[in-house]
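What follows is one structure encoded as structure tokens, with my remarks underneath.
What follows is calculated from the coordinates using simple rules that are stated; it is not laboratory data. Quick caveat: nothing in here was measured; it's all calculated off a predicted structure. Here the Cβ is made from the backbone with ideal geometry for all residues, glycine too, and neighbour counts use every protein chain on show.
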Amino acid sequence: MGEKGLDEQVGQHFGRVTHYTIVDLDTDDVNVIPNTSHHMGGTVEPPELLKKEGVCAMLCSGLGRRAINLFEQMGIDVYVGASGKVRDAVTAYKQGNLQQATMADGCQEHTFGGHHHNH
């Protein structure tokens, strides 16, 4: 939701947060970039913006089918169920506690439907 990196709160709507926190799990480097997507007056979709930064997995609280489809087209895996601070979301991801989203999981209200799929 802002520029605090690992100490920032995970936003409830990934497209409308002011910044994205990018964590390199190999080096633990943290890079905070502004959200310059079309939601914030830019010209690109959030998945395009994140793909340019080399992102291969996106952690969020939940999102709709259209967004999941856009991320899948960019080759970015989506994991839902993230909450708390960014560091909490990264820890949950590393521990396998976030659910990988598929088109079947998305809904129009941007909430996670609770379906369980293992890949």
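Dividing the mean sequence gap of close Cα pairs (under 8 Å, 6+ apart) by how many residues the chain holds gives a relative contact order of 23 percent. Could you work out which residue, out of Leu70, Leu49, Leu25, moves most in a Gaussian network model of the chain, that is, has the largest mean-square fluctuation with Cα springs under 10 Å? Result: Leu25 has the largest fluctuation of those listed.
What is the gain in length, in nm to one decimal, between His39 and Ala57 on full extension, counting 0.36 nm per residue of separation less the C-alpha to C-alpha distance? Mind dumping the intermediate values first?
Numbers: separation 18, 0.36 × 18 = 6.48 nm, distance 2.03 nm.
Once the chain is fully extended between His39 and Ala57, it gains 4.5 nm.
With a cut-off of 12 Å between beta carbons, the residues surrounding Leu70 carry a summed charge of 0, where Lys and Arg count +1 and Asp and Glu -1.
Of all the options Glu72, Glu45, Glu53, the one that moves most in a Gaussian network model of the chain with Cα springs shorter than 10 angstrom is Glu53.
Let a ≥ b ≥ c be the square roots of the eigenvalues of the Cα gyration tensor of the range 5-100; is it rounded (a/c under 1.5), or, if not, prolate (a/b larger than b/c) or oblate?
Numbers: a/c = 1.44, a/b = 1.27, b/c = 1.14.
Cα axes put the range 5-100 in the rounded bin.
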